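Derivation of every value follows stated rules applied to the coordinates shown; laboratory data play no part. Since the structure is predicted, the reported quantities are computational estimates derived from the model, not experimental observations. Neighbour counts run over all protein chains shown; Cβ positions are idealised from the backbone, glycine included.
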Amino acid sequence: MQTIGLILVVISFVPIIISIKFKRNFFNVKEVIIDHLKLFKNCKSQYFVFYGSPLLLSVGLALIYNSTKAFYDNLSLIVSIILSMLFAVLAIITNYDYSHYKDKKKTKIQNVVTETINSIIFETFICVLILLYGMIILIIDDSIESNMIANKVVTGFAIFLFTVLLFDLLIVIKRISKIMLLKTTEGDQET
């Protein structure tokens, strides 16, 4: 019975993987990732900061830490809070009226808002991935006995995703502060 369940879990990811490979209207993860990575086009060394460092950190932490159910429970709680915050920020920046800015300033603020939206959508994808991953690991961990190496690998992957989430959250914060700064300087010019 467990073997059939595991086979169904693996098969359930086939449509998702196919959807990632080909452009789809409702589930285009590839486009989200590409749009997010465009932020680093002028400074390629940032790829290492935002993705290489988390990889090294996650491998190191996975080697010294054995994850438990409490780890995934706490991770799910933290990620859920971050996800709700991201949706709130997305609602705020997309509902603001940027039409009163002058042409040059309007273009600049629209670019920053677009980059921020892309980062938030990427962060949302990472949050959903962590939540789904944690749920699967908790269920599978109860169903099958895992060995120490498998535990290290799944722990490392979870830590990597969470670290990428936190590092990329810094990008969102920087972009939001840039939007606020642009709004403030525009307000100062009008008075």
**Message:** Using only Cα atoms and rounding to the nearest 10 degrees, what angle (0 to 90) does helix 69-95 make with the longest principal axis of the chain?
**Reply:** 20 degrees
**Asked** Most exposed first by the Cβ proxy, i.e. fewest other Cβ within 10 Å, how do Asp103, Asp35 rank?
**Response** Asp103, Asp35
**Message:** Taking 8 Å as the Cα distance limit and 6 or more residues as the minimum spacing, I'd like the relative contact order of segment 24-190 as a percentage.
**Reply:** 39 percent
**Asked** Got a sec? Charge dipole of the chain, +1 on Cβ for Lys and Arg, -1 for Asp and Glu; which of Ser84, Thr155, Ile121 is way out at the positive end?
**Response** Ile121
**Message:** Connecting C-alpha atoms closer than 10 Å in a GNM of the chain, tell me which of Ile179, Ile33, Ile18 has the biggest fluctuation.
**Reply:** Ile18
**Prompt:** Glu31 versus Leu8, label points 7 Å from Cα toward the beta carbon: distance in nm?
**Reply:** 3.3 nm
**Item:** Alpha carbon convex hull of segment 96-135, projected area averaged over orientations, nm²
**Value:** 3.0 nm²
**Message:** For segment 24-190, what is the number of Lys pairs with C-alpha distance below 19 angstrom, counting only pairs 8 or more positions apart or on separate chains?
**Reply:** 24
**Prompt:** So how strong a dipole does the chain carry about its Cα centre when Lys and Arg Cβ are +1 and Asp and Glu Cβ are -1, to the nearest 20 debye?
**Reply:** 760 debye
**Prompt:** Ranked by Cβ crowding within 10 angstrom, fewest neighbours first, how are Asp168, Asp141, Asp97 ordered?
**Reply:** Asp97, Asp141, Asp168
**Message:** Between helix 103-143 and the chain, what is the angle of the helix's C-alpha long axis to the longest principal axis, kept within 0 to 90° and rounded to the nearest 10?
**Reply:** 10 degrees
**Mean projected area (nm²) of the alpha-carbon convex hull when the chain is viewed from all directions** = 13.3 nm²
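Where does the chain land at 222 nm, in deg cm²/dmol rounded to the nearest 500, when only DSSP H runs of n ≥ 4 count, each adding -39500 (n - 2.57), divided by all residues?
Computed ellipticity for the chain at 222 nm equals -27500 deg cm²/dmol.
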